[in-house]
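Below: the structure, in structure tokens.
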Amino acid sequence: MEGLRLENKKKKLIDDKGKRLDGRKWDELRPISLQVGLMKNADGSAYIEWGKNKIMAAVYGPKEVHPKHQVLPNRALLRCRYHMAPFSVDERKNPAPSRREIEISKVIREALVPAVIVEDYPRTAIEVWVEVLQSDGGSRVAGITAASLALADAGINMRDLVVGCSCGIIDDHVVADLDDTEDKEGSGDMPVAIMPNLGQVSLLQVDGIFTRDQFKKAFELAIEKGKQVYAMQREALTSKFFGGEPMSTEVEEVAE
Amino acid sequence: MIQRKQVIPGDVIAKGTYRYGSNIEKRGDEYIALRVGLAEVGTDGLKLNPLTGPYLPRAEDEVIGKVADINGFGWVVDINSCFDGFLPASFVFGREFSPATHDLSSKFALGDMIGARIESYERSRDPQLSIRGHGYGKIESGEIIKISPTKVPRLIGRRGAMINMISEKTGCDIRVGQNGVVVVNGPPEGLVKTAKAIKIVEEEAHSADLMAKIEAYLGGTEVGK
């Protein structure tokens, strides 16, 4: 009985006019803002606010590998840590890495590795730290987006930036960029990370049940929205390095 | 005619057939930037001057480093890179070097700064240093300023124009390592001015009239005044 009552009370996530709980249309992103290079002590850093997500990414390296037995003779070791601050959620989160955080650290690493030219830095380690200060839905894709900016800020050779976006299913509709409530109440979630210039996908996870059509629609939508986020990513990076003063048009007076 | 472009990783610098330098990758007939920087598209060659990044050793570079460790065969030198430089004792004492008779720390002690040249570097081994040549060896005095290694060419300027100007105006002796370590010797007021000028160069490395800016900043100061 209890279960049934709850089932009936289930929130409607899209209203009759097609608006979502926070007023967005089905394919609308939450507001995103990006900043590059705010942390002086890190070799590269970035900060992203994506909806209610507030995430900091820092990159250290390339540097010596410790412990030494992990050294790779022909390429860099890319290490990632995704971590949620104890105050990032409603109820205090134990700061020790949870099963979920360990998994996300792994998938973030695997989403970034294809973009980083690890072969250019043999016998070194590159460390990426993704710290979630406030969490909302889609923090792994926001983390990847910030982390790739931090890598570019650190001046590590990259084939392309990596940008993420998630899609999902709520009330049987495919929608873009789920927030926390939609993620929990909805019936499916699909985080995707892409390298837009290379035209490659470096992360694809699916949670929930998608029909073939829904899968196709969600995947294509995630890529389209990812490209929108890429434009913002690009803007953040260029404004850090080229913003302000106009560039010189003559050839630089540099030493040979 | 050289065309300049602001690029970020993944951007296409040019299409066609070109010679190209480091930090650029060829993908089909497109040349892709691997770093944030300024790309120069010349008539036949492409160049990318990165705006950020670590120091990676290159043979023949002059570097300034600090002795981090001494073992039986030489000195391990911190050259502000992810790789440590190694200066073999036999390069300093000559062929007759023997760990039993020579005391390495009498030549360079732990913590000493040395100017050295990168003798050789390949990806499988740490860079080897040498102090053969004029001006290399222990650095006895001076203020150490660290800048981003990517800004070193800008600090030196075309044929040393920038560094010579700062040196003349402040009356300081300035030595720049390719690894971003700068050693300055001179009168106290000169040191302060030099440090500030170097900081301006680093912060505004991308601006067009950098020479003029630095000259204006250093303004009236002349040697000995």
Residue selected from the range B:19-30 under the condition at the interface with chain A (Cβ under 10 Å from one of its Cβ atoms) and free of Cβ contacts under 8 Å to residues at least 24 places away in the same chain, by the criterion surrounded by the most Cβ atoms within 10 Å (Cβ to Cβ) | B:25
Only one of A:184, A:225 is touching a Cys at 6+ places or on another chain (Cβ under 6 Å) and either farther than 28 Å from residue B:4 by Cβ or crowded, with 23+ Cβ neighbours inside 10 Å (or both); which?
-> A:225
Please go through the range B:162-171 and pick out each residue that is in contact with an Asp or Glu (Cβ under 9 Å, 6 or more places away or on another chain) and either surrounded by 14 or more Cβ atoms within 10 Å (Cβ to Cβ) or outside the structural domain of residue B:187 (by TED's automatic domain parsing) (or both).
-> B:162, B:165, B:167, B:169, B:170, B:171
From the list B:174, B:144, which one is buried (at least 19 other Cβ atoms within 10 Å of the Cβ), among the aliphatic types (A, V, I, L, M), in contact (Cβ under 8 Å) with a residue 12 or more places away in the chain and not in a helix (DSSP H, G or I)?
-> B:174
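Keeping to the range A:49-63, report how many residues are assigned to a strand (DSSP E or B) and in contact with a Lys or Arg (Cβ under 8 Å, 6 or more places away or on another chain). Working first, answer last.
Going residue by residue through the range A:49-63, those that are assigned to a strand (DSSP E or B) are A:49-50, A:53-63.
Filter once more, so that each one left must be in contact with a Lys or Arg (Cβ under 8 Å, 6 or more places away or on another chain): A:50.
Looking only at that region, the number is 1.
Can you tell me how many residues within the range A:59-78 are under 25 Å from residue A:41 (Cβ atoms) and away from chain B (no Cβ under 14 Å)? Walk me through how you get there before you give the answer.
Of the range A:59-78, the ones under 25 Å from residue A:41 (Cβ atoms) are A:59-68, A:70-71, A:76-78.
Retained after the next criterion (residues that are away from chain B (no Cβ under 14 Å)): A:67, A:70.
Here the count works out to 2.
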Which one of the conditions (1) modelled with pLDDT under 95; (2) closer than 20 Å to residue A:146 by Cβ; (3) of a type outside the set (Phe, Trp, Tyr); (4) surrounded by 17 or more Cβ atoms within 10 Å (Cβ to Cβ) does residue A:108 fail to meet, given that it meets all the rest?
-> (1)
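Kindly evaluate residue B:15 against the criterion of being more than 8 Å from chain A (Cβ to nearest Cβ), over 17 Å from residue B:205 (Cβ atoms) and basic (Lys, Arg).
Details: more than 8 Å from chain A (Cβ to nearest Cβ): yes; over 17 Å from residue B:205 (Cβ atoms): yes; basic (Lys, Arg): yes.
When the stated conditions are applied, residue B:15 passes them.
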What number of residues in the range A:181-237 are away from chain B (no Cβ under 14 Å) and hydroxyl-bearing (Ser, Thr, Tyr)?
-> 3
Selection from the range B:31-45 of residues that are more than 8 Å from every other protein chain (Cβ to nearest Cβ) and modelled with pLDDT of 95 or more = B:31, B:33
Of all residues making up the range A:64-107, the number that are within 24 Å of residue B:56 (Cβ to Cβ) and in a loop (DSSP other than H, G, I, E, B) | 9
Does the range B:178-199 contain at least one residue that is within 14 Å of chain A (Cβ to nearest Cβ), touching a Leu at 6+ places or on another chain (Cβ under 6 Å) and surrounded by 16 or more Cβ atoms within 10 Å (Cβ to Cβ)?
-> no
All-but-one check, residue B:103 against (1) charged (D, E, K, R); (2) farther than 25 Å from residue B:21 by Cβ; (3) in the same structural domain as residue B:25 (by TED's automatic domain parsing), failing number (3)
Within the range A:39-50, restricting attention to residues that are surrounded by fewer than 22 Cβ atoms within 10 Å (Cβ to Cβ) and touching a residue at least 12 places away in the same chain (Cβ under 8 Å), which residue is nearest to the chain's Cα centre (by Cα)?
-> A:49
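Out of the residues in the range A:157-214 that are assigned to a helix (DSSP H, G or I) and in contact with a strand residue (DSSP E or B) (Cβ under 8 Å, 6 or more places away or on another chain), state the one that is farthest from residue A:52 (Cα to Cα). Break it down into steps so the answer makes sense when it comes.
Taking the range A:157-214 and keeping what is assigned to a helix (DSSP H, G or I), we get A:180-185, A:212-214.
Add one more test, that the residue is in contact with a strand residue (DSSP E or B) (Cβ under 8 Å, 6 or more places away or on another chain), and what stays is A:182-183, A:185, A:214.
Working: A:182: 13, A:183: 13, A:185: 17, A:214: 26 Å.
In this case the residue turns out to be A:214.
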From the option list A:213, A:180, single residue qualifying as in contact (Cβ under 8 Å) with a residue 12 or more places away in the chain and among the acidic types (Asp, Glu) is A:180
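Would you confirm whether any residue within the range B:39-47 is surrounded by fewer than 18 Cβ atoms within 10 Å (Cβ to Cβ) and either within 14 Å of the chain's Cα centre (by Cα) or assigned by TED's automatic domain parsing to the domain that holds residue B:202 (or both)? So that I can check it myself, show each step before the final result.
Initially, the range B:39-47 is screened for residues surrounded by fewer than 18 Cβ atoms within 10 Å (Cβ to Cβ), giving B:42-45.
Narrowing further to those that are either within 14 Å of the chain's Cα centre (by Cα) or assigned by TED's automatic domain parsing to the domain that holds residue B:202 (or both): none.
Among the residues of the range B:39-47, not one is surrounded by fewer than 18 Cβ atoms within 10 Å (Cβ to Cβ) and either within 14 Å of the chain's Cα centre (by Cα) or assigned by TED's automatic domain parsing to the domain that holds residue B:202 (or both), which makes the answer no.
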Determine whether the range B:2-18 contains at least one residue that is modelled with pLDDT of 90 or more, surrounded by fewer than 14 Cβ atoms within 10 Å (Cβ to Cβ) and either on the phi > 0 side of the Ramachandran plot or not in a strand (DSSP E or B) (or both).
-> yes
(1) away from chain A (no Cβ under 12 Å); (2) closer than 22 Å to residue A:156 by Cα; (3) more than 21 Å from the chain's Cα centre (by Cα) all hold for residue B:58 apart from (3)
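The values are calculated or read from the model by the stated rules, or taken from the named source; none is laboratory data. Keep in mind that what you see is a predicted model, and the values were worked out from it rather than measured. As a convention, Cβ positions derive from the backbone with ideal geometry for all residues, glycine included, and neighbour counts pool all protein chains shown.
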